[in-house]
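This report refers to the structure that appears directly beneath it.
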Amino acid sequence: MAANISSAITAILSVTLVLGIMIFVHEWGHFMAAKLAGVRVDVFSFGFGPRLLGVKRGDTDYRLSALPFGGYVRMAGDNPVEERTGADYEFLSKPRWVRVLIACAGPAMNLLLAFVIFWGIFWIVGTPSEDYLRTPAQVAAIQQTTDAQTLANASGIAAGDQIVAVNGKKTPTWEKVYTQVKDLPPGSPIAITVLRNGSEQSLKGIMPAPPATVESLFGYPLLPPVADEVGIGTPADRAGLHDSDKIVSMDGTPIATWGQLVDRIRRSDGHPIHFVVQRGGQNIPIEIAPVQAMGGDGNTVWQVGVSPKIKTDFERQGFFPAAKIAGLQTAVGIKQIGTVLGGLFTGKVKIRELQSVVGIARASGRAAKRGPLDLVFFMAVISLNLGLLNLLPIPILDGGHVLLLTIEGILRRDLSLTVKERFVQVGLVFLLGISAFVIYSDIFKLVQSH
């Protein structure tokens, strides 16, 4: 009971910190853009609700409000319902392109913040690298799909072999194996040299067809089959799989490495899998039925909702190399979020798979328990999500404002107040409906997991 209370407090405090900072930075973007455009800002508030304290500088009341969940900016003349003077400093008196820039400045600040956080982590702490990549390239198991069996039979690789060269180039670690294969032109033949029973052997050359992977060509590296994090409300969670459980076998087949687990789940066709996991020195049987969900590459695959425990090392980067890697990380994050959003329209992603503030609180609590670095990295991910989601062309979001202004620009006239009100009402009802459903789904998952 005490542990649950402690977890709940950690989750509440961490989500308050994460969302508070993210929304505050978002509003800071609107504030700075408005100031630069000559729009008078009447209120810049950290938090919502009643004003607790503050100071007025020029025309702006900088205040701290009661509820520390982000903040807001109130600009002069930004509400078409209220009476306006038509002064140049009012928001609605500015050209449409200026208002578009002000609307986009909030999401832009979130994207910029994510980049800066990644940059700081890679420069100060380093880029993460999975520890097994630096170990000798010893094959723990061979992939069992039909195509992979053909490649494995053709090459003659077996579990226990150590890959010491690819196309004559030494590969002392798995990282070198991955690099060597990555650098090969598509369709190139691959000659493999392995260390087997103390002596080197040259295996048959193979001609892989795209999209062959390192795992399908060489087998799986040794990555202990230990669960690191079980997703809330996932099949693994509902079946009773716990963090730090070691998977001993699946359907009676011993599991030596994490890749075997993923392989068997992918080939399950949704049929229940009988797991045996080791927990506290005891072997515990668990039955898990995989479900289909979008994978990291955007394709729908069978999953159970668990990630592996991977030991990670960090390699510090120089100031400018860190910036380059941070830019790539930001771009990858944007692409992944875009894939998920696209999946909502194609049906690959279900609405119930999204997370509300309840799910974000649980995730931020877990990140906080793992340490400050994980929490800061999680903050960058949330910042990316907040920035991109606000650019969606949905009324009441920044993207909705941009859509309205674009329509008015095309028509070369302002839309009537009635049309704007209906536009906002539709968007509000839509977002409230989606939010209510996702919150209900998160709470239902939380209840199931307990």
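The values are calculated or read from the model by the stated rules, or taken from the named source; none is laboratory data. Note that the structure is a prediction, hence the values are computed from the model and not measured. Neighbour counts run over all protein chains shown; Cβ positions are idealised from the backbone, glycine included. The area values use the complete protein model at the heavy-atom level, side chains included, leaving out ligands, DNA and RNA. Shrake-Rupley method; radii C 1.70, N 1.55, O 1.52, S 1.80 Å.
Measuring from label point to label point, each 7 Å out along Cα→Cβ, what is the Lys311 to Leu184 span in nm?
Distance between the two pseudo-spin positions: 2.9 nm.
Please work out the average accessible area per residue across the range 271-339, using the 1.4 Å probe convention, and give it in Å².
Normalised by residue count, the accessible surface of the range 271-339 is 60 Å².
I'd like the FRET efficiency for Arg57 and Phe345, computed as 1/(1 + (r/R0)^6) with the beta carbon distance as r and R0 of 45 Å, rounded to 0.05. Could the numbers behind the result be given before it?
Working: r = 45 Å, r/R0 = 1.01.
After rounding to 0.05, the efficiency reads 0.50.
With all protein chains present and a 1.4 Å probe, how do Leu13, Leu36, Leu241 order by accessible area, largest first? Could you put the intermediate results ahead of the total?
Numbers: Leu13 120, Leu36 150, Leu241 10 Å².
So the residues, ranked largest to smallest area, are Leu36, Leu13, Leu241.
Set the Förster radius R0 to 51 Å, insert the Cβ-Cβ distance between Leu428 and Arg196 as r into 1/(1 + (r/R0)^6), and round the FRET efficiency to 0.05. Could the numbers behind the result be given before it?
Details: r = 66 Å, r/R0 = 1.30.
Efficiency, rounded to the nearest 0.05: 0.15.
Tell me, what is the FRET efficiency for Ala289 and Gln162 to the nearest 0.05, using R0 = 41 angstrom and their Cβ-Cβ distance as r? Display every interim value, and only then the final one.
Details: r = 37 Å, r/R0 = 0.90.
With a Förster radius of 41 Å, E is 0.65.
Could you calculate the contour length gain from Asn299 to Arg267, that is, 0.36 nm times the residue separation minus the distance between their Cα atoms, to one decimal place in nm? Spell out each step's value before the answer.
On the way: separation 32, 0.36 × 32 = 11.52 nm, distance 1.44 nm.
Full extension of this stretch gives 10.1 nm more.
Simple spin-label model, 7 Å along Cα-to-Cβ: Phe320 to Val419 in nm?
5.1
For a protection proxy built on the mean count of beta-carbon atoms within 10 angstrom, sort 116-126, 319-329, 279-289 highest first, please. Numbers along the way, then the final one.
On the way: 116-126: 18.8, 319-329: 15.3, 279-289: 12.4.
My ranking of the peptides, most packed first, is 116-126, 319-329, 279-289.
At Arg74 and Asp251, where each label point lies 7 Å from the Cα along Cα→Cβ, what is the point-to-point distance in nanometres?
Those two pseudo-labels are separated by 6.3 nm.
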